[in-house]
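Just so you know, all these numbers are worked out from the coordinates, no wet-lab data involved. Just so it is clear, the model here is predicted, and its values are computed rather than measured. Backbone-built Cβ (ideal geometry, glycine too); neighbour counts: all protein chains shown.
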Amino acid sequence: MSILITGGAGFIGSHTCIEMQNAGYDVVVIDNLDNSSSKSLERVEKITGKPVKFYKEDVRNKEALRKIFKENEIEAVIHFAGLKAVGESVREPIMYYDNNLINTISLVEVMTEFNVKKIVFSSSATVYGVATQMPLVEGMPLGAINPYGRTKLFIENILTDLFTADNDWCVALLRYFNPIGAHKSGLIGEDPKGIPNNLMPYISQVAVGKLEKLHVFGNDYKTVDGTGVRDYIHVVDLAVGHVKAIDWALKNKGCEAFNLGTGNGTSVLQLRDAFVKATGVEIPYVIDPRRPGDPDEVYANADKAKTVLGWTAKYGIDEMCEDTWRWQKNNPNGYED
Ligand code: NAD
Ligand code: WQD
């Protein structure tokens with residue numbers, strides 16, 4: 001029996017392949033390599049010493065999915081495949097709706113055909129929209145403020161409706177906070193195309209000399225030092241969260257959302273300082289205007305994941321910085337090297 005991992009060549013997917021294999025699961029990956037490289041999977045195999053069966057296909061392609069389900073005994077799916085850049089989703093909304101929504105619909109249709117009814121979905125803290133209270137708890141009202149966020153919210157609703165219609169399903173909606181860090185080996189990590197949108201890859205590219213300085217987006221937020229506060233979570237902790245979610249889904253039926261965060265908030269300047277301390281590399285910065293749509297602070301209450309899945313994050317900010325740096329330093333051009 002195997003677990004199908006869509007988008008498994010990507011940042012979170014490749015780390016999840018490792019943790020799933022370490023936990024004894026066989027994994028099959030489908031990825032169109034739109035935002036990744038198959039080298040990540042070669043490195044996963046190197047790290048674990050176990051094979052990853054890989055299909056370079058688009059999840060929207062139902063015939064390709066059927067072939068995978070025919071050739072492998074799939075018992076559950078972890079669904080990472082999708083586009084994830086907020087700004088791009090504002091400029092290219094239809095591309096986001098087409099990819100993220102259609103690929104999910106194709107996937108659950110084919111899963112239904114093959115009577116596979118266990119799915120773990122990559123949702124996001126973005127589904128809480130503009131929250132008025134922190135920390136975020138799963139039962140709080142939801143709302144999205146950009147097309148990317150709306151795709152996540154729609155998919156949560158689609159999967160919830162699916163369970164309502166057929167109680168044989170088990171659906172885990174994992175709401176990630178801000179994943180950073182990399183595998184301890186330094187062999188796999190985040191490899192954004194072009195100039196990074198997110199804070200940690202931006203910092204690490206300044207560190208390696210690819211970018212000149214960090215632009216801090218606003219220092220007049222209502223936070224500890226005026227800069228935006230987020231709940232950064234080590235990608236390996238996040239990956240382990242998927243193992244726990246699969247363990248749970250294989251034993252249960254239901255549809256539940258889980259926050260995967262640490263519960264701790266870190267500001268932009270605190271993260272920058274932690275990176276300097278962990279690596280000894282100076283990160284020059286300037287204060288720029290706020291980025292539109294950015295909230296003051298976002299952090300999780302992750303009690304439900306602890307109680308129901310038995311999962312808690314174990315890595316702190318220092319390890320997130322050290323591990324990001326090992327990956328970036330050893331692979332200044334990501335998988336291109
Ligand atoms: P990523 O871009 O590294 O991984 C996504 C993978 O999906 C890529 O390898 C890409 O090639 C593949 N893909 C995209 N569309 C596809 C399609 N139609 N068919 C087949 N493969 C396809 O991103 P990531 O950071 O690993 O994120 C994984 C998931 O987690 C995404 O759904 C993302 O929205 C979600 N998420 C990410 C974050 C984050 O900050 N990284 C936060 C919350 C949620
Ligand atoms: C973090 C903080 C910025 C870059 C995004 C998505 C979210 C989720 C995770 C997928 C903020 C500041 C950033 C920079 C900066 N993704 N910043 N200079 O915005 O919390 O979340 O990724 O689901 O949906 O919106 O993450 O890393 O972009 O920003 O000052 O060059 O860093 O203003 O306060 P964000 P981020």
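Only helices enter the 222 nm calculation for the chain: every DSSP H run of n ≥ 4 contributes -39,500 (n - 2.57), and dividing by all residues gives -11500 deg cm²/dmol, rounded to 500. Extent of the range 69-182 along its three principal axes (Cα atoms, max minus min coordinate, largest first): 44, 33, 30 Å.
Couplings for the range 260-271, taken from phi via the Karplus curve 6.51 cos²θ - 1.76 cosθ + 1.60 with θ = phi - 60°, read 10, x, 8, x, 9, x, 10, 7, 4, 6, 5, 5 Hz in order; Gly and Pro are left as x.
Under 5 Å from the amide H of Lys118 lie the amide H atoms of Val77, Cys170, each residue being 5 or more positions distant or on a separate chain, with H modelled from the backbone and absent for Pro and chain starts.
Mind running the shape call on the range 217-337? Use the C-alpha gyration tensor, a ≥ b ≥ c as the square roots of the eigenvalues: rounded below 1.5 for a/c, prolate if a/b tops b/c, oblate otherwise. Oblate is the answer for the range 217-337, as a/c is 1.5 or above yet b/c matches or exceeds a/b.
Cross-link partners for Lys62 among the lysines, with Cα-Cα distance under 16 Å and sequence neighbours closer than 8 places in the same chain left out: Lys70. Taking 1.567 mPa s as the viscosity and 4 °C as the temperature, the Stokes-Einstein diffusion coefficient of the range 54-99 based on its alpha-carbon Kirkwood radius rounds to 104 µm²/s. An oblate overall shape is assigned to the range 144-196, the ratio a/c of its alpha-carbon gyration tensor axes (a ≥ b ≥ c) being 1.5 or greater and a/b not exceeding b/c. Along the range 20-32 the Karplus relation, 6.51 cos²θ - 1.76 cosθ + 1.60 evaluated at θ = phi - 60°, assigns HN-Hα couplings of 5, 5, 4, 7, x, 8, 8, 10, 10, 10, 10, 7, 8 Hz to successive residues, with x for each Gly and Pro.
Of the beta bridges in the chain, as assigned by DSSP with both residues counted there, near 5 percent are antiparallel. Cross-link pairs exceeding 19 Å between alpha carbons, from the set Lys118/Lys244; Lys222/Lys277; Lys251/Lys306; Lys39/Lys244; Lys118/Lys184: Lys222/Lys277; Lys39/Lys244; Lys118/Lys184. How are the C-alpha pair distances of the range 221-265 spread across 10 Å bins, as whole percents from the shortest bin up? P(r) over the range 221-265, rounded to whole percents: 23, 37, 24, 12, 4. Expressed in Å, the radius of gyration and Dmax of the Cα atoms of the range 151-242 are 17.9, 53. Across the range 1-97 the C-alpha pair distances fall into 5 Å bins from zero in the proportions 3, 14, 25, 23, 18, 10, 6, 3, 0 percent.
Each other residue within a Cβ distance under 11 Å of Phe11 adds +1 if Lys or Arg and -1 if Asp or Glu, for a net charge of -1.
If a/c stays under 1.5 just call it rounded; otherwise compare a/b with b/c (prolate if a/b is bigger, oblate if not). Do that for the range 266-312, with a ≥ b ≥ c from the square roots of the Cα gyration tensor eigenvalues. Judged from the Cα gyration tensor, the range 266-312 comes out oblate (a/c at least 1.5, b/c at or above a/b). Translational diffusion coefficient of the range 89-135 (Stokes-Einstein, Kirkwood radius from Cα pairs, 10 °C, 1.306 mPa s): 121 µm²/s. Which aspartates and glutamates have a Cα less than 19 Å from the Cα of Lys304, not counting those fewer than 8 places away in the same chain? Output for Lys304: Glu138, Glu156, Asp231, Asp237, Asp247, Glu256.
Stick to Cα atoms and the Kirkwood definition of Rh, then tell me Rg/Rh for the range 285-337. Rounded to two decimals, Rg over Rh is 1.12. For Leu136, the residues whose amide H sits under 5 Å from its own are Tyr299, Ala300, Asn301, ignoring neighbours fewer than 5 places away on the same chain, with H placed 1.01 Å from N.
Taken one residue at a time, the phi angles of the range 286-300 give Karplus couplings (6.51, -1.76, 1.60, θ = phi - 60°) of 10, 8, 10, x, 4, 8, x, x, 7, x, 4, 8, 9, 8, 9 Hz. Gly and Pro are set to x. Summing charges over neighbours of Pro135, with a neighbour being any other residue whose Cβ is under 10 Å away from its Cβ, gives -3 when K and R count +1 and D and E count -1. The H on the amide N of Ser124, modeled in the peptide plane, is under 5 Å from the matching H of Tyr176, each at least 5 residues off or on a different chain.
Average projection, convex hull of the Cα set of the chain: 15.4 square nanometres.
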